[in-house]
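This report refers to the structure that appears directly beneath it.
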Amino acid sequence: MPPLSALSVINCTVVSRFLFAAVLLAAAPAAAQSRYFAGIDDLPLAPGLVERAGGAGFAGAEGRVVVAVAQGPAAPASVLAFYVETLPALGWGFSPGGEDLEFRRGRERLALAIAPADGGARVEVRLFSAPAPQE
């Protein structure tokens with residue numbers, strides 16, 4: 001096998017740097033799409049929604065309540081589909097029968113009210129967490 005020339009080594013270095021940069025650029029949009037509600041750090045925002053100011057939260061001996069609102073140009077049906085597909089992968093189980101879209105996970109209950117707003121969608125999220133049982 002002939003020895004590598006200086007030009008071959010330079011070409012390999014340039015190609016490997018190009019591939020590394022391409023991988024970084026491809027990964028950046030996926031990372032940028034993973035946004036979460038400020039008060040509920042493991043609840044993702046559906047694509048096309050932005051969290052609105054004015055959320056509220058309370059934590060005490062009776063448990064924790066967090067209310068947050070997001071809105072954006074996404075279609076309400078796509079927001080609904082996003083949460084129906086995403087939340088089970090995060091450990092949430094669908095809880096049918098409520099007026100809102102409801103999920104349960106352990107001592108937590110998550111209610112999402114999704115509605116059309118300004119040509120897009122608005123989602124109001126309410127998280128209720130019961131305190132751990134006292135032994």
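Read-outs throughout are calculated quantities, based only on the coordinates presented, and are distinct from any laboratory measurement. Every value quoted in this text rests on a predicted model; they were computed, and no experiment measured them. Please note: Cβ atoms are built from the backbone with ideal geometry, for glycine as well, and neighbour counts cover all protein chains shown.
When we screen Arg126, Arg109 for residues that are more than 19 Å from Glu51 (Cβ to Cβ) and assigned to a strand (DSSP E or B), the only hit is Arg109. Filtering region 40-75 to residues that are surrounded by fewer than 17 Cβ atoms within 10 Å (Cβ to Cβ), assigned to a loop (DSSP other than H, G, I, E, B) and not aliphatic (A, V, I, L, M) leaves Asp41, Asp42, Pro47, Gly48, Arg52, Gly54, Glu62, Pro73.
Pairing residues of region 120-135 that are in contact (Cβ under 8 Å) with a residue 12 or more places away in the chain with residues that are of a type in the set (Asp, Glu) and loosely packed, with under 12 Cβ neighbours inside 10 Å, at Cβ distances under 9 Å and at least 6 apart in sequence or on separate chains, gives Ala130/Glu62; Pro131/Glu62. Inspect all residues belonging to region 79-90 and state whether any of them is touching a Lys or Arg at 6+ places or on another chain (Cβ under 9 Å), hydrophobic (A, V, I, L, M, F, W, C), free of Cβ contacts under 8 Å to residues at least 60 places away in the same chain and assigned to a strand (DSSP E or B). Scanning region 79-90, I find no residue that is touching a Lys or Arg at 6+ places or on another chain (Cβ under 9 Å), hydrophobic (A, V, I, L, M, F, W, C), free of Cβ contacts under 8 Å to residues at least 60 places away in the same chain and assigned to a strand (DSSP E or B), so the answer is no.
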